[in-house]
Amino acid sequence: MKQRQHMNQTAFLPTCHREMKERCWNELDVLFISGDAYIDHPAFGSALLARLLESKGYRVGILAQPDWKNPAAFRTMGRPRLFAAISAGAMDSMVNHYTAAKKIRHNDAYTPGGISGKRPNRAVIAYTAAVKGAFKGLPTVIGGIEASLRRLAHYDYWSDKVRRSILIDSKADLLIYGMAETALLEITRRLDKGESLETLREIKGTAFMIKTSLVDAIRLPSYEQVSKTTEEYNQAFKLASEQENPFSAKALVQPHGNANLIINPPALPLSEKELDQAYDLPFVRQPHPSYTEKIPAFEQIRYSITSHRGCFGGCAFCAITHHQGKTIQSRSEKSILREIDQLSSQDDFRGTISDIGGPTANMYGLSCGNSKAEKICQRPSCLYPDICKNLITDDQPATKLLGKIRQIKNIKHTFIASGVRYDLLPEQQQYFSDLLQYHVGGLLKVAPESTSNKVTKVMRKPGAAIFTKFLEQFRQHSHELGLRQAVVPYLISSHPGCTLEDMIEVALYLKRHSLKVEQVQDFTPTPGSLSTCIYHTGKDPFSGKAIHVPRTTREKRLQKALLLYHQPETRLDVLKALQICRRESVAKELFGSQRPKQKNSIHSKNVRQYRGHK
């Protein structure tokens, strides 16, 4: 047993001085610090980037969830030769710690045993301060989704104010945003050659602070301006959004006091060969053996395969496009099959692949068919308000891949759990057919988010008619196949633009189409998204149109109750919402003949106050 554990640990990247000695290392080149547990799997960013540097000959160690209050915890592997690479983990630490109601979460899926509290609030800032305290003068490079989406002055929901760029608040030397492979490799190579951080000024996908400005850069309203007025905040968001095309974007400059924040253009998408090389690295595909409890996030993805990254959906509330990019970067069929072969050889594998996909499963292999147009495109979405004429929607790469996987002897089932864009499926009939026949594990996740056309317009999502058509085809085809399958719709409550009246219509839609929602995502204004910008300013930054924003605890509770109208414990709240909107007549349709008695009536004064707030 001891020998097996020893062999397992040497297969992982070092996490302590003893494990460095087992590799005969006296010093690291780069120290990775992450707010997540160390899972040596390509689905986890720190592991993937660390393995990538290792493959180029660098000595890399991972310090997972260190005690940020103890400087000695950061010195366990000594001072790295080049720099420390710091990340909050796979989630923004504030999103990880708090619900939409700003209540503390009591679990953390990226921690052994699901225990909360193993990472600090605003983890990038806390970890960077700890590194600077432990290693005076050591260069610090921050990245990951927390740093990426907080790179500019941004609205922070948890403090309810506009905060400075995280680069300034953390006092880090350099920030990498987006998927960091290209930028991180270049930074490491150049520092290894003896260059100083002050010379690394033109690397795509990075941000830094300087006293001077750049001539050929888009000047955004300053931090002081955007924190003072919502008009300036909207202007900054609009200007920054126009520079997200990696093929044509210019640098951004945003003054913060007497210094200037410089955001270089985004990194170019990885080629198929580059992506294959990253996912073909020698991952153990397991948590570090020092952990004795299960890690929920790993349990969810341990038998899944990432086939691609990026999303061209452009949903207003989603940060994926801002982090992974709009361009779909797909792995080759050979690379994916090699990983499946490795997965199927594991002792614990029982023949079921839980998911093959990316942010959206049926975007695998898709691309823009007009390279000239792609390089200057300003559309935030290739699907909204309609499918772009240049989008190649051919489903052959995906159907061919899934067909080959079905032929593998050791694979009994292959499911698609990462969700599909149902508005693409009319262009992908073979994929749709194969999906329903072979790859739905009884329930298919889709995300209409709302069925109110007014609300989906704000969300940049397709309206109810497209979802209804998909639902009808799903049910009809499943019936023809003799399969008992159902759709699990993901819906958001309290999204900007959604009123109680809108949510009543959504509840009626669910009732009329025999859909029940068991879980509801209450809108959380996460950094960097268009929806968060609207939440903060109350206006669409592109049209200037004023948009209703649900803000009170009461309105949020009632909206959520309407989506869960079928649950007995929500019925009194549903009745309150119906009375406020003078829609009591639909109660019978929602509840049937068993209309519950209302214990506490709503006084007309309270109704008037609520309407006045809206």
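Since every read-out is calculated from the coordinates, none of them should be taken as a lab result. Every value quoted in this text rests on a predicted model; they were computed, and no experiment measured them. Note: ideal-geometry Cβ built from the backbone for every residue, glycine included; neighbour counts use all protein chains shown.
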Apply the Karplus parameterisation 6.51 cos²θ - 1.76 cosθ + 1.60, with θ equal to phi minus 60°, to every residue of region 441-456 and state each ³J(HN,Hα) to the nearest whole Hz, in sequence, with x for glycine and proline. x, x, 10, 10, 7, 9, 10, x, 6, 7, 10, 8, 4, 5, 6, 5
When Lys and Arg each count +1 and Asp and Glu each count -1, what net charge do the other residues less than 13 Å away from V458, Cβ to Cβ, add up to? +3
Using θ = phi - 60° and the Karplus curve 6.51 cos²θ - 1.76 cosθ + 1.60, what whole-Hz ³J(HN,Hα) does each residue of region 329-346 get, with Gly and Pro shown as x? 10, 9, 6, 6, 4, 4, 5, 5, 5, 5, 5, 5, 4, 5, 4, 5, 8, 5
Report the Cα centroid-to-centroid distance between region 408-450 and region 8-58 in angstrom, as an integer. 35 Å
Take region 305-451, compute every pairwise Cα distance, and split them into 5 Å bins from 0; I just need the percent in each bin. 2, 9, 19, 22, 19, 14, 8, 5, 2, 0
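Which of rounded, prolate or oblate describes region 126-208 when judged by the alpha-carbon gyration tensor and an a/c cut-off of 1.5?
Values: a/c = 2.38, a/b = 1.49, b/c = 1.60.
Note, shape of region 126-208 comes out oblate.
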Across all Cα atoms of the chain, Rg and the largest Cα-Cα distance (Dmax), in Å, are 25.0, 78
If you average the C-alpha positions of region 75-119 and of region 163-214 separately, how far apart do those two centres end up, in angstrom? 22 Å
Please give the net charge around L167, taking every other residue with its beta carbon less than 10 angstrom from that of L167, where Lys and Arg add +1 and Asp and Glu add -1. +2
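Over 19 Å apart: what share of the alpha carbon pairs of region 2-204 falls there, rounded to a whole percent?
On the way: 12308 of 20503 pairs.
It works out to 60 percent of all Cα pairs.
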Computed over the chain: relative contact order in percent, which uses C-alpha pairs under 8 Å that are six or more apart: 10 percent
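Kindly flag which residue pairs out of K69/K294; K326/K457; K136/K161 have an alpha-carbon separation exceeding 29 Å in this structure.
Details: K69/K294 25 Å; K326/K457 20 Å; K136/K161 32 Å.
Beyond 29 Å: K136/K161.
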Starting from the Cα of Q430, step 7 Å along the direction of its Cβ; do the same at R23; then give the gap between the two resulting points in nm. 4.4 nm
Could you tell me how far the Cα centroid of region 476-493 sits from the Cα centroid of region 327-347, in Å? 28 Å
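For every helix of n ≥ 4 consecutive DSSP H residues, a contribution of -39,500 (n - 2.57) applies; sum these over the chain, divide by its total residues, and give [θ] at 222 nm rounded to the nearest 500 deg cm²/dmol. Please list the in-between numbers first.
Working: 26 runs with 224 residues, N = 614.
Only helices count here, giving -10000 deg cm²/dmol.
From the Cα gyration tensor of region 294-382, with a ≥ b ≥ c the square roots of its eigenvalues, which class applies: rounded if a/c is under 1.5, or else prolate if a/b is larger than b/c, or else oblate?
Values: a/c = 3.78, a/b = 1.88, b/c = 2.01.
Here region 294-382 falls in the oblate category.
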How charged is the neighbourhood of T206? Take every other residue with its Cβ under 10 Å from the Cβ of T206, and add Lys/Arg as +1 and Asp/Glu as -1. +1
Against the longest alpha carbon principal axis of the chain, how many degrees, from 0 to 90 and to the nearest 10, is the axis of helix 464-480 turned? 90 degrees
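Work out, step by step, the length gained on full extension between I408 and S371: first 0.36 nm times the residue separation, then minus their alpha carbon distance; give nm to one decimal. Let's see the in-between values first.
Details: separation 37, 0.36 × 37 = 13.32 nm, distance 3.59 nm.
Result for the pair: 9.7 nm of gain on full extension.
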Dipole axis of the chain (+1 Lys, Arg; -1 Asp, Glu on Cβ), positive-most option in H477, S381, S93: S93
Using a simple charge model, +1 on the beta-carbon of Lys and Arg, -1 on the beta-carbon of Asp and Glu, nothing else, what dipole does the chain show about its Cα centre, in debye to the nearest 20? 1700 debye
What would the Debye equation give as log₁₀ I(q)/I(0) for region 1-120 at q = 0.19 Å⁻¹, counting only Cα atoms as equal point scatterers? -1.06
